Amino acid sequence: MGEEEGVDAINAAQRRGEDLETTKKWSAGQNKQHLVTRNTAKLDRETEELHHHRVSLEVGKVIQLGRQNKGLTQKDLATSDWDTVTVLRKKGPTAAQAKSKQAINAAQRRGEDLETTKKWSAGQNKQHLVTRNTAKLDRETEELHHHRVSLEVGKVIQLGRQNKGLTQKDLAT
């Protein structure tokens, strides 16, 4: 049967409402029957036996108990819909959406706890503003330092530490 006759036969069968089975052939219409890819060669060199690893008997017992607790038979468990998807985490709102007036009002209606903070000079260009305290500190000329104690105070501390059997590290910590 030529290609044109095959297409005509398929079209006629479709018009009659007949069931048709179609298959998609890998690399159909291409001369690739003798092409050896890198993966094919790797698979040919593979000598490992492929099998599922066995699990311990305890795993089977846990599955059995869980199945029985849910009231399922082995057939029920085997034929249950495994293609359903459970969403564990839903993408939350973006930062801008969470801060919007609408989102805040909705959270208040739901009775959720809200945290509000007032930022100092928020929205104002005050990073270079000289305040009264800053100017006062700039005028300050006094040198700030700790006053020294006399050598006798250090000797008294040393004697007291030695009498108690402490090192300098023990005293410091």
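The values are calculated or read from the model by the stated rules, or taken from the named source; none is laboratory data. Keep in mind that what you see is a predicted model, and the values were worked out from it rather than measured. Cβ sites come from the backbone with ideal geometry, for glycine too, and all protein chains shown count toward neighbours. For accessibility, only protein heavy atoms count, side chains too; no ligands or nucleic acids. Shrake-Rupley method; radii C 1.70, N 1.55, O 1.52, S 1.80 Å.
Side notes on the structure shown:
- Flag if Ala135 is open to solvent by less than 80 Å² (accessible area, probe 1.4 Å) and at pLDDT 80 or above: no
- Residues within the range 160-173 that are of a type in the set (A, V, I, L, M, F, W, C) and surrounded by fewer than 10 Cβ atoms within 10 Å (Cβ to Cβ), tallied: 1
- Within the range 41-100, the set of residues being within 30 Å of Asp113 (Cβ to Cβ), of a type outside the set (A, V, I, L, M) and outside any helix (DSSP H, G or I) comprises Thr86, Arg89, Lys90, Lys91, Gly92, Pro93, Thr94, Lys99, Ser100.
- Scanning the range 1-19 for residues that are at pLDDT 75 or above and either open to solvent by 100 Å² or more (accessible area, probe 1.4 Å) or touching a helix residue (DSSP H, G or I) at 6+ places or on another chain (Cβ under 6 Å) (or both) yields Gln14, Arg15, Arg16, Asp19.
- Here Val149 clears all of (1) farther than 30 Å from Gln168 by Cα; (2) modelled with pLDDT of 75 or more except the condition numbered (1).
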